[in-house]
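See below for the structure under consideration.
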Amino acid sequence: MAETETSSPAETEAVAARLGDELRPGDVVTVAGELGSGKTTFVRGACRSLGVTAPVTSPTFTIGHRYEGTVPVSHLDLYRFTGLSHAEWGDLEPYFDDAVAFVEWPEAGAGVLPAPRFRVHMRHSGSDQRAITIERADTRV
Ligand code: ADP
Ligand code: MG
């Protein structure tokens, strides 16, 4: 699993855009990493390559956003959750329906969310440097 280092938000968006080009409805991408590590920036870059023109902002204070790109795209943030109850999963499930779904702070959804196709992990490696790993989580071709 290769680690890529970026030196600006634009570089992180470009790395994400290359991943976005591979995605299709039904794919789940988890984006983990500490606060400010660039998760939302990464999702923004991937959304651009999926044709989303709307502003892509952090859904921290809502469960999620749904965007229309060349395909439907969902953006969830589970920051406020420690786990997911059956009822909470019921609220989230529609976001995964026929969409490419990005999930920030995915830890709370472990074992409940649909299996991701890619797992992205981000960390600070300098003031404007970020180390990004993208793990392909399945063998789908
Ligand atoms: P998170 O969603 O992980 O909390 P955000 O993407 O919202 O992170 O914020 C990342 C912050 O770090 C932004 O203010 C962004 O401009 C800044 N930043 C600086 N360098 C980078 C980089 N190389 N990649 C991504 N973001 C960066
Ligand atoms: Mg965020």
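Could you please rank His75, His124, placing first whichever residue has the fewest other Cβ atoms within 10 Å of its Cβ?
Values: His75 27, His124 15.
Sorted ascending by nearby Cβ count, the order is His124, His75.
To test your reading of the geometry: what angle, between 0 and 90 degrees and rounded to tens, separates the Cα axis of helix 86-96 from the longest principal axis of the chain?
60
Return the percentage of antiparallel bridges among DSSP beta bridges fully within the range 50-102, rounded to the nearest 5 %.
Values: 5 of 8 bridges.
If we restrict to bridges inside the range 50-102, about 60 percent are antiparallel.
Each label point is 7 Å from the Cα along the Cα-to-Cβ direction; what then is the distance between the points at His124 and Ser7, in nm?
Distance between label points: 2.0 nm.
What's the whole-number percent of alpha carbon pairs in the chain lying beyond 21 angstrom? Write out the running numbers ahead of the final one.
Working: 3532 of 9870 pairs.
Considering the chain, 36 percent of its Cα-Cα pairs are separated by more than 21 Å.
Please report Val15, Val71 as a ranked list, fewest other C-beta atoms within 10 angstrom at the top and most at the bottom. Walk me through the intermediate numbers first.
Numbers: Val15 20, Val71 17.
Final ranking by Cβ density, sparse to dense: Val71, Val15.
Treating the angle as unsigned and between 0 and 90°, give the value, to the nearest 10°, between the Cα long axis of helix 9-20 and the longest Cα principal axis of the chain.
On a 0 to 90 degree scale, this one is about 50.
When all C-alpha to C-alpha distances in the range 47-112 are sorted into bins of 5 Å, what percent of pairs does each bin hold, rounded to whole numbers?
P(r) over the range 47-112, rounded to whole percents: 4, 18, 28, 26, 13, 8, 2.
Angle between the Cα long axis of helix 39-49 and the longest principal axis of the chain, 0 to 90 degrees, nearest 10?
Around 90 degrees separate the two axes.
Provide the percentage of antiparallel DSSP beta bridges, counting only those with both residues in the chain; round to the nearest 5.
Numbers: 16 of 30 bridges.
Approximately 55 percent, going by the DSSP bridge assignments.
Report the local net charge at Ala108: Lys and Arg +1, Asp and Glu -1, summed over other residues whose C-beta lies under 11 Å from its C-beta.
Details: positive: Arg80; negative: Asp77, Glu88, Glu104, Glu107.
For residues surrounding Ala108, the net value is -3.
Cα centroid distance between the range 52-85 and the range 27-48, in Å?
Measuring centre to centre over Cα atoms gives 10 Å.
Coordinate-derived values only; no laboratory data. Keep in mind that what you see is a predicted model, and the values were worked out from it rather than measured. Note: ideal-geometry Cβ built from the backbone for every residue, glycine included; neighbour counts use all protein chains shown.
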